[in-house]
Structure formats: structure tokens, C-alpha cells
Amino acid sequence: MSKANIDVEKILQGKYPAKAHAKRVVEYIRSKIPDATGVLYLEGRSDKLLEDSDEPVPFRQRRAFMYLTGVDVADCFFIYDLATEHSTLFIPPIDPDSVIWSGLPLSPEEALSKYDVDAVLPSTELNPTLARLGAAPNATVFAIADRVSDAVTFLEFTNKDFTVLGEAIDETRVIKDEYEIALIKKANEISGVAHKAVLERVKKAKNEYELEGIFVGTSIAQGAKKQAYPSIVASGRAAATLHYVHNNKDLAGKDLLLLDAGAEWSCYASDITRTFPISGKFTEESRAIYEIVLQMQTETIAALKEGVSWDEVHLLAHRIAIDGLLSLGVLKGDRKEILEARTSTAFLPHGLGHYLGLDTHDTGGHPNYSDPDPIFRYLRVRANLPAGSVITVEPGIYFCEFIIRPYLKDPKHSKFIDEKVLDKYWDVGGVRIEDNLLITKDGSINLTDAIKDPDEIEKIISSS
Ligand code: GLY
Ligand code: MN
Ligand code: MN
């Protein structure tokens, strides 16, 4: 694994490479339909008001639209002509009533200079343009099912395909280009600063919500107005709830805090977890679990490179967890038999990680949530990892009574668990450490630089 040497600011001075994305999407479609001709048609998210208020629903651009346009603006449309490779962005026309309240919207000239598209028209031109392009011989309109407004007409097109475009975009998004990697890295840099700000405040904080405020506030103060996902700020036993959302419990008397939080930058996600002692000093038990999880992460990251089977890397994490829990005496018996019985899923019930990009749980991973083998059921990526993909590596060990108690009642598993030793660990709650890795031909590049060395963590918290 190497350190990221990516000149983020320089790369991001350029335009989001929307046209290159459109070309790759068309390549995918042609791999399925060699003589495909016609247009790609996409709609962005429209602005909506809340049900019982005149305030807007928080805007989140549709990811497929963002991928082909780079446009994070409401009420836009997009057409890409396969034959000429000509792209057109349609933006809302000026509505004088709305200018009173919201100021002037984006002009066509601004849009043309800002985005990687060939033409910009007002959305009043959308249906006439579709009618003209649809009249070409044997033209197909490729669109996404349920993402076409009622006012839009495809009448002139010979064929309509509502299947392949969504699939093509989902698959193409797996391999990131330099610009997307810079966006993910930028989100990571901001989150790294915000994670450190939380470390520096945890000792004096009284409640989880203060730390959520620090994280989100520090992100916004760096220009990242949105989080990639709701922060998980879980103290003590709450850390065993994987997607804990309450973030409102007092910290007093608790050992660890698990902070899973990541800012978003231009619609691209970071997804980072750190776990640290609230007092500035790990207990013997929490330090032991932390070190096992850190070893799980170090060794699985070392195994990464183009073509590696994610199933195998996930199994490696389980093997290290089993060895670690055997050395503590929480598990007993033969390591191979424990793995075969899948007993370690009691302590690590989730998958090792997922693709990351426009979505936190990004597309193209082909999970099998009904896999009969429980160790793979929640693994969100079932593939050999291609170079250029970005994946989270987020091993964890959790002590969740709701999950573990049934294992203690099942003789298939209970023979491998020493309940007396286990009893010492319930208050550890859970430890997860999560970084974002770019897969390369020979290894990987870690895009996350948030602090995770346990001694350094203790030092920062204790001296704050
Ligand atoms: N933050 C959600 C996850 O790690 O998958
Ligand atoms: Mn994650
Ligand atoms: Mn996470």
C-alpha cells in the first residue's frame, strides 16, 4: 500500500469529465447491443417542496445524471446522441417570479463554460429536440425506468430501452478516473481534519451530539456542506449497533467512542470510521480488541491489488479475527473448524467493505443478500477488484448481545466461545476502523489519512 500522491487541487481545476463517462457508458451498451443507435436520455432530480411547508426538500442530485453531466443543479435534463457524440444539457428557463426570491439561475453561457457538454438549451427545447432526434431511422431512446417525467415524449423513436442505460452506468461507475479519485480524496482530506477535531474534543464532551456537531461543523467550515451519510457517533455498547443513528447518549462512564463519519465533496463520498477511548486511555480489553481490528485492516489492505478476490480478502479478515479472539480466550478450539462453522460472524456480522464513489455504498458490487453462507451474506462486493475501483476496508469486532446470545445457545457455535472470558468484553461495545482504498495494478493507495495509531490517538486525546 502506498500513500496518496495526488495533486487534488490541480486536478479539480479542470472540468468534471462527463463526456468521457458518456463514451464509456456507450461502449458498455455497444458491448451488449453492437448496433445501438439513437440517444441516451437522463433527467436530474427536480426541486420539490416539503409536504406541508413552502420549504424545499433537501436537494440530492440523481447519481446517474451527475455521472454523465457533472451538473449538481435541480430541474435539468440531458441528451447524448450516439451517432454524433454530441451532448446537450437542458436547464430551467428564467422564471421572473422565482428570480425575486432566489436570484438569477445558471445562464446557458455559464453552464457551457462550467460543464463538459457541447450545448446548453432551456428545458422548453427538450421535447422539440427529442422529436427531431427520434425521427432518425431506427433510433432508440435509452432511458432509466421510472426516471422519465410525464411531460416528456418519446413518440418519434422507433425503440425505447429502459433497461440497459441504468445497468451501463452502474457498471461503468466502478472504475474511477483521475478526477473522481481527486474528488474522493478531497472528501477524505476534509473528513480527516473533522475526525481530528473530534479527537481533540472528546475528552471534554458530555454527549454524542456535541461530537456530531464538531464533525459536521468542521466539514462545513471547509466548504463541505453535505455529509455522505448520517454520522454514526456511538459511545460504549452503542458501538455494537452498526448503523446507530441516535447520537444523543451521554459519554460519562463509557470506554470507547465509534465515529463513522464522512463528508461529501461535489457528490463524491468519503466513508471513514475511527474508534477511540473517551478518556484518552484504552482499557486493557478495548486496547486488545483495537489491536486485533487494526491488524485485520493492515493485513487485508496489504493483500489488495488488481484482480484480488474480495471474498478472499474478507475471509482473511475473519481468519485474523479468529486468531486474535483465540489469543484472548474469547474463542476456543481449532481455528479452521471455527471458520468453517462461521462462528466468527457473531463478532463480525458485516462485510469487509464496499465500493465508494458517488454513493457511499456505490454501484456495481453485485452483492448476494440471500447467499446461504452467512459469512458472505452482507458482503457488498462479490468480485475480483479491478484497478481503478475504490473500496472501503472496514473490519470490526463487536460485542452485541442481540447477535451473540443466539450463538451461545447453539451447540454448533457455543463450543467455540468461552462465555466467562466473553463477559469481560461486553463494555468494549465495538471497534471498527475504516479507510478508503484505491486499487492499483500492484497494490493500493490509501486515500484516508485520519489518525488511527492507538498511541497517537491516546496522546492527542490526553493532551487536549
Ligand atoms: N458508513 C456506512 C458504512 O460504513 O458502510
Ligand atoms: Mn463503509
Ligand atoms: Mn462507514
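Scanning the stretch 283-311 for residues that are in a loop (DSSP other than H, G, I, E, B) and under 23 Å from LEU251 (Cβ atoms) yields a single hit, THR283.
Of all the listed residues (GLY364, GLY430, GLY353), the sole one being under 22 Å from the mean Cα position of the chain (by Cα), more than 16 Å from ligand 3 (Cβ to nearest atom) and either more than 24 Å from LEU294 (Cα to Cα) or touching a residue at least 12 places away in the same chain (Cβ under 8 Å) (or both) is GLY364.
Annotation for the stretch 275-282: at least one member residue is part of a strand (DSSP E or B) and within 16 Å of ligand 3 (Cβ to nearest atom).
Yes or no, residue by residue, for (1) within 16 Å of ligand 2 (Cβ to nearest atom); (2) among the aliphatic types (A, V, I, L, M); (3) part of a loop (DSSP other than H, G, I, E, B):
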{"site": "LEU315", "(1), (2), (3)": "no, yes, no"}
{"site": "ASP323", "(1), (2), (3)": "no, no, no"}
{"site": "GLY333", "(1), (2), (3)": "no, no, yes"}
{"site": "THR360", "(1), (2), (3)": "yes, no, yes"}
{"site": "THR363", "(1), (2), (3)": "yes, no, yes"}
{"site": "ILE375", "(1), (2), (3)": "no, yes, yes"}
{"site": "ALA387", "(1), (2), (3)": "no, yes, yes"}
{"site": "LEU408", "(1), (2), (3)": "no, yes, no"}
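When we screen ALA36, ALA64, ALA83 for residues that are small (Gly, Ala, Ser) and in contact with a Phe, Trp or Tyr (Cβ under 9 Å, 6 or more places away or on another chain), the only hit is ALA36.
For the stretch 431-441, the condition of being at pLDDT 95 or above, farther than 19 Å from GLY357 by Cβ and either touching a Cys at 6+ places or on another chain (Cβ under 9 Å) or part of a strand (DSSP E or B) (or both) holds for at least one residue.
With respect to the conditions (1) within 24 Å of GLU178 (Cα to Cα); (2) away from ligand 1 (no atom under 16 Å from the Cβ); (3) among the charged types (D, E, K, R); (4) not in a loop (DSSP other than H, G, I, E, B), GLU264 lacks only one, and its number is (2).
The set of residues in the stretch 433-442 that are crowded, with 19+ Cβ neighbours inside 10 Å and away from ligand 3 (no atom under 16 Å from the Cβ) comprises LEU438, ILE439. Looking across the stretch 1-42, the residues that are aliphatic (A, V, I, L, M) and under 24 Å from the mean Cα position of the chain (by Cα) come down to MET1, ALA4, ILE6, VAL8, ILE11, LEU12, ALA18, ALA20, ALA22, VAL25, LEU42. Counting the residues of the stretch 267-289 that are more than 16 Å from ligand 2 (Cβ to nearest atom), among the hydroxyl-bearing types (Ser, Thr, Tyr) and in contact with an Asp or Glu (Cβ under 7 Å, 6 or more places away or on another chain) gives 2.
Which residue is farthest from LEU358 (Cα to Cα), if the candidates are limited to the stretch 228-261 and must be away from ligand 1 (no atom under 14 Å from the Cβ) and not in a loop (DSSP other than H, G, I, E, B)? Step by step, filter the stretch 228-261, then rank; the result is ASP250.
Does THR392 count as under 17 Å from the mean Cα position of the chain (by Cα), assigned to a loop (DSSP other than H, G, I, E, B), at pLDDT 95 or above and within 16 Å of ligand 2 (Cβ to nearest atom)? Spelling it out, it is not the case that THR392 is under 17 Å from the mean Cα position of the chain (by Cα), assigned to a loop (DSSP other than H, G, I, E, B), at pLDDT 95 or above and within 16 Å of ligand 2 (Cβ to nearest atom). Scanning the stretch 404-428 for residues that are of a type in the set (Val, Ile, Thr) and crowded, with 16+ Cβ neighbours inside 10 Å turns up ILE404, ILE417, VAL428. Pairing each residue of the stretch 410-421 that is part of a loop (DSSP other than H, G, I, E, B) with any residue that is not basic (Lys, Arg), provided the two are 6+ apart or on different chains, yields C-beta distances under 7 Å for LYS415/GLY333; PHE416/LEU331; PHE416/GLY333; PHE416/ILE338; PHE416/ALA341; PHE416/THR343; ASP418/GLY329; ASP418/VAL330. Of everything listed in (1) assigned to a loop (DSSP other than H, G, I, E, B); (2) closer than 30 Å to VAL71 by Cα; (3) touching a residue at least 12 places away in the same chain (Cβ under 8 Å), the single unmet condition for LYS225 is (3).
If you go through the stretch 138-159 and keep only what is surrounded by fewer than 18 Cβ atoms within 10 Å (Cβ to Cβ), touching a residue at least 12 places away in the same chain (Cβ under 8 Å) and not hydrophobic (A, V, I, L, M, F, W, C), you end up with ASN138, ARG147, SER149, THR153, GLU156, THR158, ASN159.
The values are calculated or read from the model by the stated rules, or taken from the named source; none is laboratory data. Remember, it's a predicted structure, so these values are computed and weren't measured experimentally. Note: ideal-geometry Cβ built from the backbone for every residue, glycine included; neighbour counts use all protein chains shown.
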